[in-house]
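A short write-up of the structure that comes next.
The values are calculated or read from the model by the stated rules, or taken from the named source; none is laboratory data. Model, not experiment: these values are computed from the prediction. Cβ: placed from backbone, ideal geometry, glycine included. Neighbour counts: every protein chain shown. What goes into the accessible areas is simple: the full protein's heavy atoms, side chains included, and nothing from ligands, DNA or RNA. Shrake-Rupley method; radii C 1.70, N 1.55, O 1.52, S 1.80 Å.
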2 protein chains.
Amino acid sequence: MTETTVAKQAGAPPAVSPDAILQLGFGFWGSKVLLSAVELGVFTALAGTSADLETLRSRLGLHPARHETSWTPWSPSACWSARTAATPTPLPPRRSSTGSSRATSAAFWRWPNARLFRFWADLTEGLRTGVPQNETKTGGSFFTELYTDPARLREFARAMTALSMGSILAIGERFPWSGYRTFADIGCAEGGLPMHLARRHTHLTGVGLDLPVLAPIFQEHVAAAGLSDRLRFLAGDFLVDELPDADVLVFGHVLHDWGLDTKRLLIDKAYRVLPQDGAIICYDAVIDDDRRQNAFGLLMSLNMLIELPDGFDYTGGECQQWLQTAGFRRTYVEHLAGPESMVVGIK
Amino acid sequence: MTETTVAKQAGAPPAVSPDAILQLGFGFWGSKVLLSAVELGVFTALAGTSADLETLRSRLGLHPARHETSWTPWSPSACWSARTAATPTPLPPRRSSTGSSRATSAAFWRWPNARLFRFWADLTEGLRTGVPQNETKTGGSFFTELYTDPARLREFARAMTALSMGSILAIGERFPWSGYRTFADIGCAEGGLPMHLARRHTHLTGVGLDLPVLAPIFQEHVAAAGLSDRLRFLAGDFLVDELPDADVLVFGHVLHDWGLDTKRLLIDKAYRVLPQDGAIICYDAVIDDDRRQNAFGLLMSLNMLIELPDGFDYTGGECQQWLQTAGFRRTYVEHLAGPESMVVGIK
C-alpha cells in the first residue's frame, strides 16, 4: 500500500496547491466586485438592454477617465469567473528553508491584508470618481514609506519575486533564449528574473534596472548566487532615463501600472534601444481578447484603479497593437503560468 | 431537440445557482480569515506543535472572552473549506415579479456591502480585543438607525426572509407538523416562516413575536396573503417577556446572536412555556460537531464577533446538550438547506 493510499484512507485533506491559497487570499476582490455591482445597479442596468459599454457607464454614473478595460469586470461572465476560473500565479517551491518560505509568505500577505482589503471597501467610490482609493487619499504614499524602511523593502521585494516566480520560470523555458546573448529586466526589484535566467542559460549576461534604493538588495542576492560577473544593477528611473542596451528587454508587472501614454512611451523607448531582431517581453496578468476568461486580470485592473492614477491591465490584442505601432515586425502572446502571459515583440 | 440542448449548443453559460452568488458575495469572509490568520502568525504557530486551542489562543494574543467556537475557523481545514465546501442557504424562487426579486437582492447585498466588508477589515482587532468591530465602535447602532427608517426596515426584513427561505421551506417539509396545532416564531421579522407554514399546513395557527416596530410589516404581509385569521403578531421582547403558548416554538437565526447565558435563558423560557410533547426548533448555520465541514457556520460565528458583544454560532452537539440540560427528553439535528440545520427538542 502506497503512502498516498494510506493518507487517503486516513481521511487526510487533499494536496494543497498555492493556487488555492492565492485564490482564497484575493477572494475579496471578486466578492467586492459583486457587492459594488449590485450597489451601482449594474445587473438591473444590464437586464433587457443592448446598450453599449459607454452608454452603460454613463447611466451607472461611473467615471470615464479610465481605459475601458477597467470597467469590464462588470460583465456577468466576469463576475462568475471571478469565483472559479482564474487562478493567480502559483508560488514556486523555494530553495531556502521552510522558515524563510513562511517569512516570504507572511510578508506577501501583509500587502493585501494591511492595505488592499481596506482600500477595496471603497471600490464603488473609485469607480465613480476614477481616483485611487489608497493612502494617497489622506496624503500618504505606500512606496515612499516602503523606501525609507530597508528591512520592509527587502521583505516586500522578496514577496514580489515569489508572486512572479511562476512567470519567471516559464519565461526561462518558453522564450528562445539561445538566439540572444544579453537582456535587461526593467523594474527588476531584487532580481528574481535576472538570477533565474542567468542560472538557466549560462550564455546570458544581464542588467537589472530599478531605483537606486533597490541596489543593495539586488547586489547582495546576485553576489550570494555567485552571479556578479554576469549580472549588474543599473540605478535609474525607466520613465526618465534611457533604457540599457540589450538584445531582450523585459517589462514584468510594469506596463499595467501606467496609463496608455506611458505604456506607449515605454514601448517606444524599448524599440529605439533594441537592435534589429531584438525582443521585448511584457508580462502581466494579460487579459484574453474577449475579456471573459481571465477574471484575475480583470480584477487586477480594478486593483490598479484602487492603487494608481492611470494604470490598467490590458488584453494580448491591445498590447500587440501597441508593439506593432511602435514598429515591432512580429508579435505574439504566450501563456506563462496561472493568469499570466507574456506579449513578445520582435524588432 | 430540447431547449436545454439548444442553449448548450449556443454556448450559453451554465445554469446559475443562487448558492454560487452567495458564496461569491460573502467570499470576503474566508479571504479575510486567511489574511488575518497570516497576520496573527496562526500557521507558523500551528506548524510543529501539538498545543491545544487555549495555549494557541494565548500564544497568538487572541482575546479569551468569546466561546471557543469563535476561534475554530483558524484550523487549516476550515480555511480550506471556506473556499469550497460550504454554500449559504439558497435564495428560493419568489412568487413576486422580477423587479421585486431584484429589489430584494439589492437590499440584501446592501448589508454586506455597505457595512460588513468594511467592518471585516478589522477582524484581527476583533480577535485580539473581543470587541465588536461595527458602528458601535464609533457610537452608532445599525438597528437603531434601521428602526427609525420604515422603508429601509421593510426592505431589510424582506431581504432577511429571502436569506432564510431555503430553511423555511425545508422546515415546512421535514418537521412533523401533522402532530401539532399551534406554533410561535420567536423573532419573526416580516413573517416569512409563519406565512409559509400556514399555507403549507392548513391545520396550523401561529404567532409571530417581534419588536413592535415590525408589527405593521408583518400584519400587512399576512393580510395580503389572506392569513389574518390564522396568524397574529405579538409585540414583545423575547429577552424580557414571557414567550407565547404554542405547541412548537421556532428560533430562527436568533440563538447565534447571543452569549451562552442568554442562549440557555431562551431555551429555558421555551421549555417552561411548552406543553408536554411540545417542540423547540432552533435553526442557524449549525456547525458540525468536529468543526471541520461547515465553514460558512464557522465564518458566521466570526461575523457574530464583528457584529455583537457575545454572539457565536454553535454545533449541533452543543445545542442538543443545552436542550437536554433544560429538560427536553429527546433532541436531534436535521439538515435543512445549504449550511443550515435545525436542532429540535421534544419536551
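For the stretch B:120-131, filtering for residues that are away from every other protein chain (no Cβ under 12 Å) and either of a type outside the set (D, E, K, R) or buried (at least 21 other Cβ atoms within 10 Å of the Cβ) (or both) leaves 5.
For the stretch A:254-285, a tally of residues being of a type in the set (Val, Ile, Thr) and open to solvent by less than 10 Å² (accessible area, probe 1.4 Å) returns 4. On inspection, residue A:207 fails the criterion of being without any contact (Cβ under 8 Å) to a residue 40 or more places away in the chain and surrounded by fewer than 15 Cβ atoms within 10 Å (Cβ to Cβ). The single condition from (1) within 15 Å of the chain's Cα centre (by Cα); (2) closer than 24 Å to residue A:30 by Cβ; (3) assigned to a helix (DSSP H, G or I) that residue A:318 fails is (1).
Out of A:127, A:169, report the one residue that is in a helix (DSSP H, G or I) and under 17 Å from the mean Cα position of the chain (by Cα). Going through A:127, A:169 in turn, the sole match is A:169.
Taken together, the residues in the stretch B:33-50 that are at the interface with another protein chain (Cβ under 9 Å from one of its Cβ atoms) and open to solvent by 60 Å² or more (accessible area, probe 1.4 Å) amount to 3. Might you let me know whether the stretch B:173-196 holds any residue that is on the phi < 0 side of the Ramachandran plot, among the small types (Gly, Ala, Ser), in contact with a Lys or Arg (Cβ under 7 Å, 6 or more places away or on another chain) and not in a strand (DSSP E or B)? Scanning the stretch B:173-196 turns up no residue that is on the phi < 0 side of the Ramachandran plot, among the small types (Gly, Ala, Ser), in contact with a Lys or Arg (Cβ under 7 Å, 6 or more places away or on another chain) and not in a strand (DSSP E or B). Name the pairs: first residue in the stretch B:316-337 and farther than 17 Å from residue B:248 by Cα, second residue among the aromatic types (Phe, Trp, Tyr), Cβ to Cβ under 8 Å, at least 6 apart or on different chains? Note: pairs meeting the criteria are B:336/B:283. Look at (1) open to solvent by 30 Å² or more (accessible area, probe 1.4 Å); (2) within 27 Å of residue A:161 (Cβ to Cβ) and you find that residue A:301 fails only one, number (1).
Residues checked against (1) within 23 Å of residue B:150 (Cβ to Cβ); (2) not in a helix (DSSP H, G or I):
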position	(1), (2)
B:214	yes, no
B:219	yes, no
B:229	no, yes
B:243	no, yes
B:263	no, no
B:267	no, no
B:280	no, yes
B:290	no, yes
B:298	no, no
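Evaluate the following for residue A:237: is it open to solvent by less than 60 Å² (accessible area, probe 1.4 Å) and either without any contact (Cβ under 8 Å) to a residue 60 or more places away in the chain or aliphatic (A, V, I, L, M) (or both)? In short, yes.
Would you mention how many residues in the stretch B:106-119 are more than 8 Å from every other protein chain (Cβ to nearest Cβ) and touching a residue at least 40 places away in the same chain (Cβ under 8 Å)? Show your work before the answer.
As a first pass, look at the stretch B:106-119 and keep what is more than 8 Å from every other protein chain (Cβ to nearest Cβ): B:107-108, B:111, B:115-116, B:119.
Within this subset, residues satisfying the condition of being touching a residue at least 40 places away in the same chain (Cβ under 8 Å) are B:107-108, B:111, B:116, B:119.
The total comes to 5.
Residues in the stretch B:22-39 that are within 15 Å of residue B:113 (Cα to Cα) and not polar (S, T, N, Q): B:22, B:24, B:25, B:26, B:27, B:28, B:29, B:32.
Each row is one residue, and each column tells you yes or no for (1) touching a residue at least 24 places away in the same chain (Cβ under 8 Å); (2) touching a strand residue (DSSP E or B) at 6+ places or on another chain (Cβ under 7 Å); (3) open to solvent by 10 Å² or more (accessible area, probe 1.4 Å).
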site: A:141; (1), (2), (3): no, no, yes
site: A:144; (1), (2), (3): no, no, yes
site: A:168; (1), (2), (3): yes, no, no
site: A:171; (1), (2), (3): yes, yes, no
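Of the residues B:198, B:215, B:189, the single one that is more than 15 Å from residue B:270 (Cα to Cα), surrounded by fewer than 22 Cβ atoms within 10 Å (Cβ to Cβ) and either out of contact with any strand residue (DSSP E or B) (no Cβ under 9 Å at 6 or more places or on another chain) or among the small types (Gly, Ala, Ser) (or both) is B:215. Test residue B:227 against the stated conditions and say whether it is in contact with a strand residue (DSSP E or B) (Cβ under 7 Å, 6 or more places away or on another chain) and within 22 Å of residue B:155 (Cα to Cα). So residue B:227 fails the test.
Condition check ((1) under 21 Å from the mean Cα position of the chain (by Cα); (2) hydroxyl-bearing (Ser, Thr, Tyr)) across all residues:
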{"position": "B:201", "(1), (2)": "no, no"}
{"position": "B:211", "(1), (2)": "yes, no"}
{"position": "B:214", "(1), (2)": "yes, no"}
{"position": "B:217", "(1), (2)": "yes, no"}
{"position": "B:222", "(1), (2)": "no, no"}
{"position": "B:228", "(1), (2)": "no, yes"}
{"position": "B:231", "(1), (2)": "no, no"}
{"position": "B:234", "(1), (2)": "no, no"}
{"position": "B:237", "(1), (2)": "yes, no"}
